[in-house]
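Student: Let me begin by handing over the structure; questions about it come next.
The values are calculated or read from the model by the stated rules, or taken from the named source; none is laboratory data. Keep in mind the model is a prediction, meaning the values are calculated, not measured. Please note: Cβ atoms are built from the backbone with ideal geometry, for glycine as well, and neighbour counts cover all protein chains shown.
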Amino acid sequence: MREVACRSLGHDCGWKHAARTEELLMDVVAIHLRDVHGVPALTQEMVGAIKQAFNNAEPIEISAGDAEPEQETQNRS
């Protein structure tokens, strides 16, 4: 698990996110930076700086009683 806080990227922002891989985390960070902070695209330098801000997150275990119930879907034929 990898995580990053937007504040560690230099923004006055409380957003943070964790993902199973750096690639997934980078995708989510890019979307956050675009949608919230108006960064249209990441340069190679920005990608390097963002990866330097990644931390190892502790895995979160969810017991069966804590999991959200799955929504039932109806098949319409």
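Student: In the range 17-27, how many are within 17 Å of Ala49 (Cβ to Cβ) and surrounded by fewer than 15 Cβ atoms within 10 Å (Cβ to Cβ)?
Tutor: 3
Student: How many residues does the range 5-45 contain that are part of a loop (DSSP other than H, G, I, E, B), within 15 Å of the chain's Cα centre (by Cα) and modelled with pLDDT of 95 or more?
Tutor: Looking only at the range 5-45, we keep the residues that are part of a loop (DSSP other than H, G, I, E, B), and these are 10-15, 20-21, 38-43.
Narrowing further to those that are within 15 Å of the chain's Cα centre (by Cα): 13-15, 20-21.
With the extra rule that they be modelled with pLDDT of 95 or more, the set shrinks to 13-15.
Residues in the range 5-45 being part of a loop (DSSP other than H, G, I, E, B), within 15 Å of the chain's Cα centre (by Cα) and modelled with pLDDT of 95 or more: 3 in total.
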